[in-house]
Each structure stands twice: as C-alpha cells, then as structure tokens.
Amino acid sequence: MKSLKQLPLFLALLAPALIKGQGGSWEVPIDSRTQEGNSQTVYPFSAGYTRYQQLNAASDFGSSIGGTVIGPGGVLLCGMYLRLDSPIGFSFGGYATNLQVNLSTTLRQPDSLSPVFFDNVGANDQIVFGPATPRLAGDHTGSSPEPWTTGVLIQFDQPFLYLPTEGNLLLDIRLFNGSTAAGFLDAWNRPGDSVSSVYGDIADLSGTTSTLGISILFSGTVVPEPSTYALFALGAAALLFLRKKRKS
C-alpha cells in the first residue's frame, strides 16, 4: 500500500525528464541562415483578402541555428519570424484583420503544390493562431542585409507538433478581412529549392502556384525521446499497480 501511495509522487518527479526539451530555431529555406533572399513579396499581408500556403521542406529542419537536432519525437513549433526585405523595405507595420494561421504535415513536394488549396492540406491540420487582429511590426536596424536580426513575429496560440520524418511542413495563412500592414517581406524565388507557394483570394478554392517562398524562422522546442531508464521506471510502476490490483 505504501508503494502505491508514493506512485503519484514518483511519476510527478519523473515527468519533467520526459517532457523537457531543447529550444531551437529553424530557418526556411536553409540558405536564409546567412543570406538575403533573391526576391520579395507583399503576400500574405497585401490589401486584398488573401490566402497564402507555403511548403517548407523537411530537410530544412535538420538542425537549428544553435545546433539542436530534431529527433524521432519531433518538435513543438511555437512561433515564427517573417523576415523583412532589404533594402526595399526597412520597416513593416499595420493590422491584419481576422488573421488565421494553420500548420499541417503535407506529402506534397517543393514546386509540386496543387493550385487547389484543400489538396495541399495534411490530415493533422491545426489552427495555431487566431482568428485574431494583431498588429504586425518590424524594423531593420541597418541598411544592409542582416539575416534574422529583426522580423515580423507571430507567436502561436497553440504549439504544433511537427515530425519531419512524416512529411513537409505546410504553412497556411488566411486573411479574412484585409490588412493595413505595409512593407515587403524577404523571399526566395528559385526553381528546385526547398520552398514553394500557392496564393490567391480568400474566397477562392484555388490560387496561383509559384516557386516563391518567404524567408521564415520557426522557433520551437524539441520533444526528447524517453530514456531507457524512464521507460523502465514507467514499466515498473505499471507492473506494481497491476500486481496490487490483483491482490485486492
């Protein structure tokens, strides 16, 4: 009986070892770590009612800026920075009315997105932000490209568990009631790279496909695998519980 009474305390002490992970940040495409993109875009925050999907290849989530590697447990994505373009747009600001951001794992490949928005969405589609009307703002601190020193931050309301081994990451941005946000976002427009997109009006079922992709830095926490010791301890606790139950 004493052992069973101590079981909740034991599990409470063990839990942090199971859920604690390393924080990190991952840039897409990976060239964005050190370089300015070769293009720019006003999507997805142009004045019109827009929808913007961007495929980000799983290969870009190999290791973070700090060297953190995503293991079999995946990563909980908690937010993202959209980099401003330089030197065209030194600042960015305004409100995005009824902005919604979804993430999912897609089996589509770069430069092979369907023009039909629904066809690109994965089975684990999840709303991670909104609908809400945030003020989006950012400024460059200088006149030359400075990757990841500044950007437009969107902190997710709900984290998204992403496992790169299961497919590519699909970012799906919906802007239901327009935007006053003004400024250019840094982007890459290169056939054959790790990002591509589809964009169009929020009311449309399909849009225009493009090789273009915004330079994005995703932040998150790596989900660690339970250690052999932790698994053994949980198994022992379960056996103890079953043994006591049989005796009672």
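Inside the stretch 114-135, can you point out the residues that are open to solvent by 20 Å² or more (accessible area, probe 1.4 Å), in contact (Cβ under 8 Å) with a residue 40 or more places away in the chain and of a type in the set (A, V, I, L, M)? Listed by number, the residues that qualify are Val116, Val121.
Within the stretch 46-57, count every residue that is at pLDDT 85 or above and aromatic (Phe, Trp, Tyr).
1
Just to be sure before I move on: is Ser91 at pLDDT 95 or above, more than 19 Å from the chain's Cα centre (by Cα) and closer than 22 Å to Ser32 by Cβ in the structure I sent? Criteria not met by Ser91. Screening Gly73, Gly79, Gly37 for residues that are modelled with pLDDT of 95 or more and open to solvent by less than 50 Å² (accessible area, probe 1.4 Å) leaves exactly one candidate, Gly79. Consider the stretch 166-189. How many of its residues are more than 15 Å from the chain's Cα centre (by Cα) and among the β-branched types (Val, Ile, Thr)? Count: 1. For the stretch 112-144, the tally of residues that are modelled with pLDDT under 95 and of a type in the set (D, E, K, R) stands at 2.
Which of the residues belonging to the stretch 181-207 are on the phi > 0 side of the Ramachandran plot and either buried (at least 21 other Cβ atoms within 10 Å of the Cβ) or of a type in the set (Ser, Thr, Tyr) (or both)? Scanning the stretch 181-207 gives a single hit, Gly183.
The values are calculated or read from the model by the stated rules, or taken from the named source; none is laboratory data. Remember, it's a predicted structure, so these values are computed and weren't measured experimentally. Every residue, glycine among them, receives a Cβ derived from its backbone with ideal geometry; neighbour counts consider all protein chains shown. Each accessible area value is taken on the protein alone, full model and side chains, heavy atoms only, with ligands, DNA and RNA left out. Shrake-Rupley method; radii C 1.70, N 1.55, O 1.52, S 1.80 Å.
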